[in-house]
Each structure stands twice: as structure tokens, then as C-alpha cells.
Amino acid sequence: MIMTVLFQFIAACFGTVAFSIMFYVPREYYLYCGLIGGGGWVICWSIVNYLNFSNITGTFIATACVVFLSRVCGTALKCPATLFMLSGIFPLVPGVGIYWTVYSMIMGDMQECSRYGRQTLCLAAAIVLGIIFVFEIPQKAIARIAGVFRGKRKRR
């Protein structure tokens, strides 16, 4: 079990870093992008496989975690959170669902096309709602959390 989770994490980290390279993220942020993307994927994968929740629930929770960590890292490292968020969400994007939707459509199996299409749209909606949910957290709260990670606390 531990080896499976570790393999999933490492694979997602490499995939996220590869996407970061294609997205022209500066080199000093590759590690953070990889850790955020790998962590988000392990959260989603664990929720679906070990806690037996749906893909939609797992994707929503993992997206919320990825966006939260992206905002914290962006604030702590004084760079845009978008660098981490776009790269970190990469493992959660339902690309295979889009593939199977189009494949089923081309093959003429409209029932499967409808099923895959509906599932893909629900996963995309879960990603959007996860992003919106976390961006409602005030920046002051994120800055306070980021300050803890930097080792600095503001005095009142």
C-alpha cells in the first residue's frame, strides 16, 4: 500500500514538473510545483480508492488543497500563485474522460459518449468549484499562514 501511494506521488510529481517546464515556470519553482501536484493527486487518489468517495468529491477536495497550497506558496515566495495552481491541477484534469467521450462519439456509441461526457463535465465543474471555494479565503489569512511557513510573524 505504501509503495503504491509513493509511486502515485512520484509519477504525479514528474508529470507536474514536466507540465511546469512546458508552461515556462522558472526553475526555482519546479520542486514546489511538483510537490503541490503530487500531493493533490495523492489526496484525490486516496479519497477515491481508500475512502470510497466518488471521483467528483475527490477531485473537488484535491483541487481545494492544490489551490490553497498554491496561494500559500505564492505568498510565501512572493510570486504569482497561478504558477503553482496551473501546474498543480494538471494531474486532476479529466483528459482521459475527454478522450473517451470523443472516442465513443466517433464509434457511434452515444450512450457511452453521454456517460463519459457527463462525468467529464462534472469533474471540470468540481475543479472550478474547488478553485472558487479557496479563492474566497481572504488574502490576509493566506498571508498569515504563509508568514508561519517563512518563520515570520507580524506583531500587532
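Some observations on this one:
- Residues in the stretch 5-55 that are more than 23 Å from Cys73 (Cα to Cα) and in contact with a Phe, Trp or Tyr (Cβ under 9 Å, 6 or more places away or on another chain): Val5, Ile47.
- Just one residue in the set Tyr32, Tyr24 is assigned to a loop (DSSP other than H, G, I, E, B) and open to solvent by 50 Å² or more (accessible area, probe 1.4 Å); that residue is Tyr24.
- Options Thr4, Thr63, Thr75; residue that is of a type in the set (S, T, N, Q) and within 13 Å of the chain's Cα centre (by Cα): Thr63
- Top-ranked residue in the stretch 1-10 [being without any contact (Cβ under 8 Å) to a residue 24 or more places away in the chain and part of a helix (DSSP H, G or I); ranked as least open to solvent (accessible area, probe 1.4 Å)]: Thr4
The values are calculated or read from the model by the stated rules, or taken from the named source; none is laboratory data. None of these values were measured; they are calculated from a predicted model. Neighbour counts run over all protein chains shown; Cβ positions are idealised from the backbone, glycine included. These accessible areas exclude ligands, DNA and RNA; they are computed on the full protein's heavy atoms, side chains included. Shrake-Rupley method; radii C 1.70, N 1.55, O 1.52, S 1.80 Å.
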